[in-house]
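Contents: one structure, followed by commentary.
The values are calculated or read from the model by the stated rules, or taken from the named source; none is laboratory data. Here the structure is a predicted model, which is why all the values come from computation and not from measurement. Using ideal geometry, Cβ is built from the backbone for each residue, glycine included, and neighbour counts are taken over all protein chains shown. Side chains are part of the model used for accessible areas, which takes the heavy atoms of the whole protein and leaves out ligands, DNA and RNA. Shrake-Rupley method; radii C 1.70, N 1.55, O 1.52, S 1.80 Å.
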Protein chains: 2
Amino acid sequence: MLKFNLLHTDTNSKARTGRLETAHGVIDTPIFMPVGTQGTVKAVAQDRLRDDINAEIILANTYHLYLRPGTEILESAGGLHKFMNWKRPILTDSGGYQVYSLSDLRKLKKDGVEFRSHIDGSKHFFTPEKVVNIQRSIGSDIAMVLDECTPYPCEYDYAKKSTKLTSDWAELNRKAFHNSKPLYGHEQFQFGIIQGSVYKDLRELSAKKITSLDFDGYAIGGLAVGEPTKDMYELVNFTTDFISEEKPRYLMGVGRPENILEGIARGIDMFDCVMPTRNARNAYLFTYNGFVTIRNANYKTDFNPIDSACDCYTCRNFSRAYLHHLFKAKEVLALELATIHNLSFYLRLVRDAREKINGNTFIDWKNEIIKKISINIKNMTED
Amino acid sequence: MLKFNLLHTDTNSKARTGRLETAHGVIDTPIFMPVGTQGTVKAVAQDRLRDDINAEIILANTYHLYLRPGTEILESAGGLHKFMNWKRPILTDSGGYQVYSLSDLRKLKKDGVEFRSHIDGSKHFFTPEKVVNIQRSIGSDIAMVLDECTPYPCEYDYAKKSTKLTSDWAELNRKAFHNSKPLYGHEQFQFGIIQGSVYKDLRELSAKKITSLDFDGYAIGGLAVGEPTKDMYELVNFTTDFISEEKPRYLMGVGRPENILEGIARGIDMFDCVMPTRNARNAYLFTYNGFVTIRNANYKTDFNPIDSACDCYTCRNFSRAYLHHLFKAKEVLALELATIHNLSFYLRLVRDAREKINGNTFIDWKNEIIKKISINIKNMTED
C-alpha cells in the first residue's frame, strides 16, 4: 500500500498538505508534476529539473514510450528511471488520452482500444492488462489505469456507457496489477480514474465504483476538456467528497495557476499540465503578477529579470531584454531558460500553497494571488 | 598592450603553449573558442559553458549583434558580457565574413562595404571605423579588424587587389581603435587579419604589412574556404613565420579536430569553428575514435556513454541509447546534450595538446590521434 500521510487540513477549506512515500523518494503535496512525455521534460536537463526547478515527481507517457523507444529498450535499460537518469518518482498516465487525441484511427472495443501509431501508422491494441504490463516495463512509481476520457460536450447516454466501460476496465486494470510484478526491484503503485463527464450522478457512480477497488490513489479525469471553468470547480468539489481523505487525489491535465489553486481548495493533492512547458516554448512566462509576453517590444530594453521575486536560474542570471533577444533570434537557449522559469514558478506556487495551508491562511492568499495573476492571464494564447 | 606569455615551444615542431591575459581572465593557448554568434553559444547555457565545457573564451559576431539586438541595447546593458551574463573573455569577429556570406546585396567600395540585412532587408554600411565602434559597444576583449575574406578559387589579380584593400582597411582599423576608447572600464585589444588567398607572395605581402601595424595579435583569414587541406597547412606554415613569436596567432574558422592539431603544429594558438556545435545539432558526435553518428540504428540499444573516456555532463549521465531516442523523438534536450559533449571534446583536444606540447611529445601524439579520428571522420555530412 502506498504510504500517504495527511499532515494538515486547512481550517477554512478542503485544502490539505500531505506526504506521499514512493520507492524513489517522498513527495510533498499539493504538488505539480512537470510533463516529460517522451522521457524528457521538454527543453530542460535532468539536473536542472532536480536542482533548479525542484521537481519532486515528473510525468511520463505510456502511449509515447510504448511507441518509442519501446518496452524492449526500456527493459534493457532497467526501466525509465535508468534510461533517462532521473532518480526521483515518475508517474505514468495510461496512454488512453493520447490514443484518443493523437492516433489516426481508433476503435473502442469492449476489451480495449485499437489505434494506429501517429509516428508510423502501425496498428496496436491497448487493453487494461497490456497497459499495466507496459507500465511494468517503464517501472513508473505510480501507474494510471486505462480509461476512456470523454470529450466535451458529451451526451448523457454516451457518458453513461463510457463511465460503465471505464469502471469495467478499472477492475481489469486492478486485477492485472495484482497479477503482475515490478521488474526492477522497487514497488509500484496504481491509481484509479474517476470519469462521468459533467454529470454529477455519473461522477458519483464512477467515484463509488472506482474507490471500491481500493487503488493506491484516485484521479479525476475527463475535466479541463472544454467545459466552463466553474463547472469544473463544482465537479471537482463534488467528486472529492467521495474519495477517502486518506488517499491522494489527482486532478489530471490541470492547469492554469488559478485552476491549480482552486483545485487545491477543493481537496486535490496532485496536478500535471503542459501549460508551463508549452507556454515557455511559446514565450509566455508566468509570474505572480500575470504573464510576461516576452516577445513584446517593451521588453527589448527591460534589464530586470522576468520576475524579481523569483530565484530560478533564469531570473538570477538573465534579463527580460536578453530573453527577448533570444526568442527574437530563435535561439535554442530561449526554450531552456523560459522552461526553467515557468516550471520553477509552478513548483513555487504549490510550495507557497503548502505553506499557506499549514498556516490556515490559504484561502485569503489564494484569492489575492488569483486576482493578481488574472489581470492579464486572459490575454494568453494557448497553442 | 595585450600580455601574451609564451610558455613553451615544442622541440619537434612550431607548436607552442602560452597564456593570454585579458580583462576577463587568462586564456591558455592553444585554445578553441566556441562560437556564440548571437550572444549565446547555440543550445547551451552560460553555466554549462563555464563549468561543464570549460570554455575559456567564446566568439561573438559583430554583424549579427549589430543587427540584433543592436548597439543601443548592448550599450544600455553595459556591453555584451553583462547582456549575456558571460564573465570570461569574448572575441568578436568583424562581421566582414557575414556581410559576404549572409547579406542579400553587398557592394564593396573603397572605404567600406554596403549590405542589406538578412533579417529585414534594411541597408547598412560598414567601414573600418564603424566596425571598431560597434565592437566598442559590444565591449569584446579582442576585436578583429574589418577585412575582405577572399573566396576560393580566387584569381590572382582579384586576390592582389583584395589584399591591398584589406591592408588599407587595416590601417584605418588600427587608427580608429587608437582614436576610440573602451566604454565599460575594461581594456580591449585588436587583432589584424592576414589575407592573400592561396598565393604565397600575397600572403607574405599581407603579413608584412599587417604586422607592421603592431596589432595585439594576428589572425590568418581566408583559409578553410574550400582550398585543398594540404594547401591550407602549407599556407599556415608559411604565414606563421612572418608573425613575431611574441604575438598570439589565430587561424579563423578552423576547423575539424585534425585541422586544429595540424594548425597547432604549425604555430597557431587560437581557433574557432561552428563544427562542434553545428555537428552536435545534426547528431554527429566527436570522440577520439572518430564520429558517433548517433541516429544510426546500432545505437538504439547501446547503453554506453558517447565516449567512455569523456567526463562531460552528457557522458557522465546519459547513454547513447538515450541520446538516440532524444534525436529520433526530436527533443530539444538532444541539442543541448550533444552540444555539451562536442564542445567538451574540442576543449579537451586543445587541453591535451597543451599537455603534450609541454612534454615535447606533441607530434607523435598528434599523428596517432589523427589516424584514429580519421577512420570514419570522412563519412561526416557537413551542412
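Being without any contact (Cβ under 8 Å) to a residue 40 or more places away in the chain and touching a helix residue (DSSP H, G or I) at 6+ places or on another chain (Cβ under 8 Å) is the filter here; which residues of the range A:225-241 pass it?
Across the range A:225-241, the qualifying residues are A:T229, A:M232, A:Y233, A:L235, A:V236, A:F238.
So B:F345 ticks every box in (1) open to solvent by less than 30 Å² (accessible area, probe 1.4 Å); (2) within 14 Å of chain A (Cβ to nearest Cβ); (3) among the hydrophobic types (A, V, I, L, M, F, W, C) but one. Which box is left unticked?
The one condition B:F345 does not meet is (2).
Restrict the check to the range A:288-297 and report whether at least one residue is within 14 Å of chain B (Cβ to nearest Cβ), part of a loop (DSSP other than H, G, I, E, B) and without any contact (Cβ under 8 Å) to a residue 24 or more places away in the chain.
No: the range A:288-297 contains no residue that is within 14 Å of chain B (Cβ to nearest Cβ), part of a loop (DSSP other than H, G, I, E, B) and without any contact (Cβ under 8 Å) to a residue 24 or more places away in the chain.
Taking the condition more than 12 Å from every other protein chain (Cβ to nearest Cβ), part of a loop (DSSP other than H, G, I, E, B) and either more than 26 Å from A:P248 (Cα to Cα) or touching a His at 6+ places or on another chain (Cβ under 6 Å) (or both), does A:P153 pass? Step through it out loud before you land on a result.
Numbers: more than 12 Å from every other protein chain (Cβ to nearest Cβ): yes; part of a loop (DSSP other than H, G, I, E, B): yes; either more than 26 Å from A:P248 (Cα to Cα) or touching a His at 6+ places or on another chain (Cβ under 6 Å) (or both): yes.
The answer is yes for A:P153.
Quick check on this structure: which one of A:K371, A:K330 is without any contact (Cβ under 8 Å) to a residue 12 or more places away in the chain, of a type outside the set (G, A, S) and at positive phi?
The conditions single out A:K330.
Quick one: B:L335 ticks every box in (1) within 21 Å of the chain's Cα centre (by Cα); (2) farther than 22 Å from A:G39 by Cβ; (3) of a type in the set (A, V, I, L, M) bar one, so which box is it?
Unmet for B:L335, out of (1) within 21 Å of the chain's Cα centre (by Cα); (2) farther than 22 Å from A:G39 by Cβ; (3) of a type in the set (A, V, I, L, M): (2).
Looking only at the range B:300-321, which residues are within 11 Å of chain A (Cβ to nearest Cβ), of a type in the set (S, T, Y) and either open to solvent by 30 Å² or more (accessible area, probe 1.4 Å) or over 27 Å from A:L49 (Cβ atoms) (or both)?
B:T301 - this is the single residue of the range B:300-321 that is within 11 Å of chain A (Cβ to nearest Cβ), of a type in the set (S, T, Y) and either open to solvent by 30 Å² or more (accessible area, probe 1.4 Å) or over 27 Å from A:L49 (Cβ atoms) (or both).
If I filter the range A:242-272 down to residues being of a type in the set (A, V, I, L, M, F, W, C) and within 8 Å of the chain's Cα centre (by Cα), which single residue comes out as nearest to A:S374 (Cα to Cα)? Working first, answer last.
Within the range A:242-272, the subset of a type in the set (A, V, I, L, M, F, W, C) is A:242-243, A:251-252, A:254, A:260-261, A:264-265, A:268, A:270-271.
This time we only want the ones that are within 8 Å of the chain's Cα centre (by Cα), so: A:251-252, A:254, A:270-271.
Working: A:L251: 21, A:M252: 22, A:V254: 16, A:M270: 22, A:F271: 20 Å.
Looking at the filtered set, the residue picked out is A:V254.
When you check B:D302 against the structure, is it within 25 Å of B:K328 (Cα to Cα) and among the acidic types (D, E), yes or no? Please lay out each step first, then the result.
Details: within 25 Å of B:K328 (Cα to Cα): yes; among the acidic types (D, E): yes.
So B:D302 fits the description; yes.
Return yes when A:Y284 is in contact with a strand residue (DSSP E or B) (Cβ under 9 Å, 6 or more places away or on another chain) and farther than 24 Å from A:D47 by Cβ and no when it is not.
So A:Y284 fits the description; yes.
Within the range B:131-180, how many residues turn out to be more than 21 Å from the chain's Cα centre (by Cα) and open to solvent by 70 Å² or more (accessible area, probe 1.4 Å)?
13
Exactly one condition in (1) on the phi < 0 side of the Ramachandran plot; (2) among the polar types (S, T, N, Q); (3) open to solvent by 30 Å² or more (accessible area, probe 1.4 Å); (4) without any contact (Cβ under 8 Å) to a residue 40 or more places away in the chain is not met by A:Q98; state its number.
(3)
Hey, any hits in the range B:56-78 for a residue that's within 18 Å of the chain's Cα centre (by Cα) and among the polar types (S, T, N, Q)?
For the range B:56-78, residues within 18 Å of the chain's Cα centre (by Cα) and among the polar types (S, T, N, Q): present.
List the number of the failed condition for A:D311; all other conditions in (1) under 28 Å from B:I73 (Cβ atoms); (2) assigned to a helix (DSSP H, G or I) hold.
(2)
Can you tell me how many residues within the range B:11-45 are away from chain A (no Cβ under 13 Å) and either open to solvent by 10 Å² or more (accessible area, probe 1.4 Å) or not in a loop (DSSP other than H, G, I, E, B) (or both)?
21
Look through the range B:101-130, keep the residues that are at pLDDT 95 or above and touching a helix residue (DSSP H, G or I) at 6+ places or on another chain (Cβ under 6 Å), and return whichever of them is least open to solvent (accessible area, probe 1.4 Å).
Per the criteria, the residue is B:P128.
Here's a check for you: in the range A:52-95, which residue that is more than 15 Å from B:F318 (Cβ to Cβ) and among the basic types (K, R) is least open to solvent (accessible area, probe 1.4 Å)?
So the residue we want is A:R68.
Could you tell me how many of the residues in the range B:348-369 are open to solvent by 20 Å² or more (accessible area, probe 1.4 Å) and in contact with a Pro (Cβ under 8 Å, 6 or more places away or on another chain)? Reasoning before the result, please.
The initial filter retains those residues of the range B:348-369 that are open to solvent by 20 Å² or more (accessible area, probe 1.4 Å), namely B:348, B:351-352, B:354-356, B:358-361, B:363-365, B:367-368.
Filter once more, keeping what is in contact with a Pro (Cβ under 8 Å, 6 or more places away or on another chain): B:354.
Qualifying residue count for the region: 1.
Does the range B:101-110 contain at least one residue that is more than 14 Å from chain A (Cβ to nearest Cβ), among the hydrophobic types (A, V, I, L, M, F, W, C) and closer than 30 Å to A:A338 by Cα?
no
Identify all residues within the range B:232-287 that are surrounded by fewer than 22 Cβ atoms within 10 Å (Cβ to Cβ) and in a strand (DSSP E or B); write none if there are none.
Residue satisfying the conditions is B:T287 alone.
Taking the condition of being crowded, with 16+ Cβ neighbours inside 10 Å and either of a type in the set (K, R) or modelled with pLDDT under 95 (or both), how many residues in the range B:370-379 meet it? Walk me through it before giving the result.
Of the residues in the range B:370-379, the ones crowded, with 16+ Cβ neighbours inside 10 Å are B:370, B:373, B:377.
Of the ones still in play, those that are also either of a type in the set (K, R) or modelled with pLDDT under 95 (or both) are B:373, B:377.
Result for the range B:370-379: 2.
Yes/no per residue for (1) part of a helix (DSSP H, G or I); (2) within 14 Å of chain B (Cβ to nearest Cβ); (3) of a type in the set (S, T, N, Q):
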residue: A:N54; (1), (2), (3): no, no, yes
residue: A:L65; (1), (2), (3): yes, yes, no
residue: A:P69; (1), (2), (3): no, yes, no
residue: A:E72; (1), (2), (3): yes, yes, no
residue: A:S76; (1), (2), (3): yes, yes, yes
residue: A:H81; (1), (2), (3): yes, yes, no
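Specify the residue that is surrounded by the most Cβ atoms within 10 Å (Cβ to Cβ); the eligible residues are those in the range B:322-334 that are more than 7 Å from every other protein chain (Cβ to nearest Cβ) and out of contact with any Phe, Trp or Tyr (no Cβ under 7 Å at 6 or more places or on another chain).
Top of the filtered list is B:L323.
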